[in-house]
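The values are calculated or read from the model by the stated rules, or taken from the named source; none is laboratory data. Here the structure is a predicted model, which means the values were calculated and not measured. Virtual Cβ from ideal backbone geometry, glycine too; neighbours counted across all protein chains shown. Heavy atoms of the whole protein, side chains included, go into the accessibility calculation; ligands, DNA and RNA do not. Shrake-Rupley method; radii C 1.70, N 1.55, O 1.52, S 1.80 Å.
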Amino acid sequence: MTTTLSQPASKTQILFRYTAWEFWRNIRMIESAFFVVVLPAAMYLMFGVGMNQGQGQASNGNVPAYVMTSMAVYGAVVATTAMAGTAAVERDYGWGRQLSMTGLSNAGYFTGKTLMSVGVAVMPILVVFALGLVTGAELDGTWRWFATGALTLLVALPFALYGMAIALIFRSETAVSAASGLLVVFAFFGNLFVSLSGTLLAIAKFTPLYGVATLARWPQMEGFIIPLDGTGPGYRPEYDSLGLSILSLVVWTAIFGAICMVASRRRTQR
């Protein structure tokens, strides 16, 4: 009689098992699912459908599509902020050392967290876009749907650094929740909830989510902003260049990254 020993799991298998487990664990958490998926979807239905904005044209699409992209950006940014911040707090509490006993390396831990964060960030995009598709949101050409979705995910990724920076500074899950809450203010100034004008718009252009929102909506709006007060006599459309929008994203990414580096060094010195 011979005994066959099972082969130990490879590092790749361990990584994907951990990623799948983390993804499922976070999705099952009611608070995470609500703020990341349910809230952006509800806000789209409220502002994009419930306010009877109809099929009003907005550059290469209509107004509901404009609102759809805005809410998807908000959900994706909340997801990357919360997931990255939580990872940093877990790391500080020694959770990574516990996982290393399962054969998961440090690199595997961070890779798994990154993959999980991207997976969670994709969810609000898919849900809000699906709602948009069945409730009258229109973009000219199928490629604009895919381009808008891809850009929405891409511009949300730097906010993982924002969540990590807050976690490294305050070292608590409460601080990460507060950082996610602060995104409501950033979203307001980022033209995600309402279209600003005048002094508020001038201030908004220097805030973290303004360039992010402009880039995500670029396939549809190409830099133009839908005015809140209509397009009456003397109206001049607001426009942001692609270069300045990219510069805004790059600058804020650098700022968040620099804060992470400084906070990490201070913690190490202590």
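Could you tell me how many of the residues in the range 158-187 are open to solvent by 30 Å² or more (accessible area, probe 1.4 Å), modelled with pLDDT of 90 or more and either within 20 Å of L244 (Cβ to Cβ) or outside any helix (DSSP H, G or I) (or both)?
Residues in the range 158-187 being open to solvent by 30 Å² or more (accessible area, probe 1.4 Å), modelled with pLDDT of 90 or more and either within 20 Å of L244 (Cβ to Cβ) or outside any helix (DSSP H, G or I) (or both): 1 in total.
For the range 62-74, give me the residue count where each residue is open to solvent by less than 10 Å² (accessible area, probe 1.4 Å), closer than 19 Å to M123 by Cα and either among the β-branched types (V, I, T) or assigned to a strand (DSSP E or B) (or both).
Total meeting the criteria: 2.
Results for (1) modelled with pLDDT under 85; (2) of a type in the set (S, T, Y); (3) more than 15 Å from L154 (Cα to Cα); (4) open to solvent by 10 Å² or more (accessible area, probe 1.4 Å), shown as yes or no for each residue.
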site	(1), (2), (3), (4)
A42	no, no, yes, yes
Q57	yes, no, yes, yes
N60	no, no, yes, yes
A76	no, no, no, no
T102	yes, yes, yes, yes
Y109	yes, yes, yes, no
F129	no, no, yes, yes
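If a residue has to be not hydrophobic (A, V, I, L, M, F, W, C) and not in a helix (DSSP H, G or I) to count, how many in the range 188-204 make the cut?
Of the residues in the range 188-204, the ones not hydrophobic (A, V, I, L, M, F, W, C) are 190-191, 195, 197-199.
From what is left, the residues that are not in a helix (DSSP H, G or I) are 190-191, 195, 197.
Number of matching residues: 4.
Among the candidates R17, R28, single out the residue that is over 24 Å from T152 (Cα atoms), of a type in the set (K, R) and either surrounded by fewer than 20 Cβ atoms within 10 Å (Cβ to Cβ) or modelled with pLDDT of 70 or more (or both).
R17
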